[in-house]
Amino acid sequence: MASYSRAFDVERVETVDMRQALTHEVRRGLIRRPRSLSPWMFYDAAGSRLFEQITTLPEYYPTRTERAILARHADAIVAAAHNVRSSPLRLVELGAGTAAKTVILLEAALRISDDVSYLPVDVSSDALECACQNMAYALPEVRIEPIVQNYITHPLQLEQFDGTTLALYIGTSIGNFSPEEARMILRNLGSQLQTGDALLLGTDMVKDEPTLLAAYDDSDGITAAFNLNVLHRLNRELGANFDTDCFRHRVLWNSIESRIEMHLESTQEQDVSIQDAELDLHFMPCETIHTENSYKFTDQSIRSVVSDAGFEIGRAWKGGRNWYTVTLARLR
């Protein structure tokens, strides 16, 4: 069963670090030109709820496409990762969120091992609490050890494990980072694994521009609200005075960099103060804050980032007109 007291202990320690991380990030990103903020800042309680809504939108194909791949191939994925049947199996998930799709893999894990543990890692304690409660109810046989942590600013430190570890980085999360950052994240993760442990990586593939743009600019405006929530968060947590009615959600496809970009665009000349970061900012009309990238992959770019991080690709499963790929790689 989940150890909720442990999760809350971690949360209290992390609260101090989170304020410091937010302050550092706004100073780093908003003073320079062009302005930017890191996408991990999206995921406070409100942002996590909005993202869960995004995953159910008709325009947002990645979640349902990945879920279909996992539902169809979960047994093959886990069997390929866990080559010593019935021995202990540990699943570690970066950016777990509510872990809605992970249940599929854990059910498959329980079919080949009676000793399964799950370590969800996420910056949002609210999302993790939801994940742990749902998981404990659905799969009481699984030991759950939640970790509230920003794995970008504080790389994961795993305890030694006498068994096989399958690290999960699904849900297109790796696409939020530049190729160099993605390699760093995977290298940091690989440093905590043993030879023969495996990585399951979810990647969104390059496709036609209208489909990509619609996925990040839905007709209901949920993604726009998700983007603008980062300004609400700075108002709530750092004493900022952003008027969110004076910014708009903007999305574009950067074909040279192979990425969707999300920006917040100032609709007028305006001044903004961020009290706790001791910042006074002046925005001109049409000036933007670059809030997120979502890199889209080819088979070649997947091989490149995985290999450079010290992993060797074993198998890959594709779905939805080859719009999405789930790749199993093993630590060399």
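Read the figures in this text as sums done on the coordinates, not as results from a lab. Small disclaimer: the values here were computed from a predicted structure and weren't measured. All Cβ positions, glycine included, derive from the backbone under ideal geometry; neighbour counts span all protein chains shown.
Spin-label model, Ala68/Arg187: points 7 Å from Cα along the beta carbon direction are separated by 3.7 nm. For region 138-157 versus region 228-307, the spacing of their alpha-carbon centroids is 28 Å. Potential lengthening of the chain between Ser87 and Tyr137 amounts to 15.6 nm, from the contour at 0.36 nm per residue minus the alpha-carbon distance.
Based on the Cβ-Cβ distance from Arg315 to Asp115, what FRET efficiency comes out when R0 is 25 Å, to the nearest 0.05? Working shown, then result.
Values: r = 24 Å, r/R0 = 0.97.
The value I calculate is 0.55.
The phi torsions of region 292-299, fed into the Karplus equation with coefficients 6.51, -1.76 and 1.60 and a -60° offset, translate into couplings of 7, 10, 9, 5, 10, 10, 10, 4 Hz, rounded to whole numbers, with Gly and Pro shown as x. Our note on the geometry: Cα centres of region 35-94 and region 314-332, 13 Å apart.
Loop-resident trypsin sites (Lys or Arg not before Pro) (DSSP state other than H, G, I, E or B) in region 21-78 with no more than 10 further Cβ atoms inside 10 Å of their Cβ: Arg32. Nearest-5 percent of antiparallel DSSP beta bridges in the chain? If we restrict to bridges inside the chain, about 60 percent are antiparallel. Backbone amide hydrogens, once placed in the peptide plane, bring Glu292 within less than 5 Å of Met262, excluding anything fewer than 5 places away on its chain.
For region 90-134, averaging the sequence separation of C-alpha pairs within contact (under 8 Å, six or more residues apart) and dividing by the residue count gives a relative contact order of 55 percent.
Principal axis extents of the C-alpha atoms in the chain (largest first, rounded to whole Å): 63, 45, 34.
Once both labels are positioned 7 Å from their Cα atoms along Cα-to-Cβ, the gap between Ser219 and Leu252 label points is 2.6 nm. Computed over all pairs of different Cα atoms, the Kirkwood value for the hydrodynamic radius of region 181-237 is 15.1 Å. Ellipticity at 222 nm from helices only: DSSP H runs of n ≥ 4 in the chain, each -39500 (n - 2.57), divided by the residue count, give -12500 deg cm²/dmol.
Distance between the modelled labels on Asp162 and Asn241, one decimal in nanometres: 6.1 nm (7 Å Cα→Cβ projection). Relative contact order, whole percent, for the chain stands at 22, derived from Cα pairs under 8 Å and 6 or more residues apart.
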